[in-house]
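The values are calculated or read from the model by the stated rules, or taken from the named source; none is laboratory data. In this text, all values refer to a predicted model and were calculated from it rather than measured experimentally. Positions of Cβ are generated from backbone atoms using ideal geometry, with glycine treated the same way; all protein chains shown enter the neighbour counts. Side chains included, ligands, DNA and RNA excluded: accessible areas come from the protein's heavy atoms. Shrake-Rupley method; radii C 1.70, N 1.55, O 1.52, S 1.80 Å.
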Amino acid sequence: MLEDCKNAQERWGGVHSLIDRWLQQRRNLLISFIELKEACDSELESVSKARIDHFSESLMDYISAGHFEIYPQLAEEARAFNDEGALNIAEKLLERLEMSTEMVLSFDTDFASTASCEQNIARLPAWIDRLARGLTERFALEDQLIARLHAVHSPATSNAPA
């Protein structure tokens, strides 16, 4: 996943400072995820609530930035170029992204309080695996969204059929 993040940053970096910051946020999220997974793999009982909170906060910040900053900005850019095809694709991709958003919210709820964290700590490895799959799919969908809406602005493809 971390390598895919680097590739996305290379592809889309510089396109827009908002997207650049978001891709850096994605990278930081992945680092936090890897650290949590490694801690979970080495000694589950020693995983601290603070470590889980750090990851969960990074995750929620990333998801929120996507929903409230990035996706609307990309849609606005597509509207500015009157690209109905991009808007239709964006709508379909956003529907698919909603599933992983629900998963993230469930994770956050399961580990929100000290009591719920203690109650659910045995489920953390399963959550890590589930989040790995969900985030991998989410990042791929987001990259498709960026690619489709970025293609509208690319001088090399502006005359190409959509």
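Per-residue counts of other Cβ atoms within 10 Å, averaged by peptide: what ranking do you get for 140-148, 73-81, 110-118, highest first? Can you show the working numbers first?
Details: 140-148: 18.9, 73-81: 15.9, 110-118: 14.0.
Highest mean packing first, the order is 140-148, 73-81, 110-118.
Skip the ligands, DNA and RNA, and give the accessible area per residue of the stretch 22-113 with a 1.4 Å probe, whole Å². List each step's numbers first, then the result.
On the way: 4780 Å² over 92 residues.
So the stretch 22-113 comes to 52 Å² accessible per residue, rounded to a whole number.
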Summed residue charge, Cβ within 11 Å of Ser56's Cβ, Lys/Arg positive, Asp/Glu negative: -3
³J(HN,Hα) computed for each position of the stretch 35-43 - Karplus, 6.51 cos²θ - 1.76 cosθ + 1.60, integer Hz, glycine/proline x: 4, 5, 4, 5, 5, 5, 5, 7, 7
